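The values are calculated or read from the model by the stated rules, or taken from the named source; none is laboratory data. Owing to the predicted nature of the structure, the values given are computational and were not obtained by experimental measurement. Glycine also receives a Cβ, built like all others from the backbone with ideal geometry; neighbour counts cover every protein chain displayed.
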Amino acid sequence: MKKIIGMAAAGAMLLALAGCSGGGGSTSGEGEAPATEDLIVGFSQVGAESGWRAANTKDIQAAFEEAGIELKFSDAQQKQENQIKAIRSYIQQGVDVIAFSPVVESGWDTVLKEAKDADIPVVLTDRSVDSADTSLYVSFLGSDFVEEGKKAGEWVTEEFADADAVKIIQLEGTTGSAPAIDRAEGFADVIGSDPKFEVVASQTGDFTRSGGKQVTEALLKSNPDVDLIYAHNDDMGLGAIEAIEAAGLTPGVDIKIVTVDAVKDGMQALADGKINFIVECSPLLGKQLVEIVEKVVAGEEVEPRIVTEETTFTQEQAIEALPDRQY
Ligand code: GYE
């Protein structure tokens, strides 16, 4: 941290830039930008709830290793209190930058203010916070989840163009998380204008395979005539497949399934005809996160919002893409 402070004061220009990006800054000291091998970044991960998360963790750890930057890593096991503890510990240790993927959207202002007061820049990866004060973090790197929900909804309107009535079960992600809120919103935005679409049940499966299975098992009992399951991630969709098969039905045929992520297991199920459509959400954020960290500590301006580029997959496209799929 001392080195960042020194570096930020190296010239008026640099100072101004550090101020712009919301990064730490000071008015005293002199020196060079900190050497990569001296940097320490603290990262607080959501957990290990899904294939997406596993790929994201692996990619971030690999990118920092390749860049020669020390990464302190902690797994919050899907609990906000654990993330707050981890962030406080990184502040105490005086790391150069804190990065984290917030499990839920709200309740971060106090701890983010503590980081700001300690002059430690914070980068949000993957999920956002709902803090009104956007100076509490320097950048948010991740997908546009509303857009993902819209893409799922658009596929559904085309797929069921000729149907008169469509009953839908929605498997929601972790309650209060940005992807659960936004994927529900984007989907509802698109299908909501046509009354033939009815969401007969919507419950959280916490982004896990077992959650998706349990919720689907229960919901199929009260809604045996459902036409479609919209799962906020592949893992819950894969759990739903197990529940549908256990009920003696054929996933992808009797009940259609649309999911988000496009991790290998999901893509395999899509290629096998058990899932009908997947909206991609890329977990490969490591390289971009390293770039942001390097810019922030060099006092350069960083984009406040960096949106991940992603596509969608049909069953045919999944068969083609699978052999080269990285995650
Ligand atoms: O879609 C899901 C994971 O935040 C984008 O979290 C991420 C989501 C991802 O558990 O599989």
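Only residues that are more than 25 Å from ASP38 (Cα to Cα) and loosely packed, with under 15 Cβ neighbours inside 10 Å were counted in segment 61-91, giving 3. Filter segment 214-227 down to the residues that are under 22 Å from ASP265 (Cα atoms) and surrounded by fewer than 22 Cβ atoms within 10 Å (Cβ to Cβ), then identify the one that is nearest to the ligand (Cβ to nearest atom). Out of the qualifying residues, it is GLN214. Of the listed requirements (1) modelled with pLDDT of 95 or more; (2) part of a helix (DSSP H, G or I); (3) in contact with a Gly (Cβ under 7 Å, 6 or more places away or on another chain); (4) away from the ligand (no atom under 16 Å from the Cβ), ARG53 misses just one: (4).
For the structure I just gave you, tell me whether ALA271 is farther than 26 Å from ALA54 by Cα, away from the ligand (no atom under 11 Å from the Cβ) and of a type in the set (Gly, Ala, Ser). No: the conditions fail for ALA271.
Quick check: anything in segment 95-111 modelled with pLDDT of 95 or more, small (Gly, Ala, Ser), under 20 Å from the mean Cα position of the chain (by Cα) and closer than 19 Å to GLU294 by Cβ?
Start the filter on segment 95-111 by keeping residues that are modelled with pLDDT of 95 or more, which leaves 95-111.
Checking which are small (Gly, Ala, Ser) leaves us with 99, 101, 106-107.
With the extra rule that they be under 20 Å from the mean Cα position of the chain (by Cα), the set shrinks to 99, 101, 106-107.
Now narrow it down to the ones that are closer than 19 Å to GLU294 by Cβ: 99.
Yes, segment 95-111 contains at least one residue that is modelled with pLDDT of 95 or more, small (Gly, Ala, Ser), under 20 Å from the mean Cα position of the chain (by Cα) and closer than 19 Å to GLU294 by Cβ.
Filtering segment 25-33 for residues that are of a type outside the set (A, V, I, L, M, F, W, C), surrounded by 18 or more Cβ atoms within 10 Å (Cβ to Cβ) and at pLDDT 60 or above leaves an empty set.
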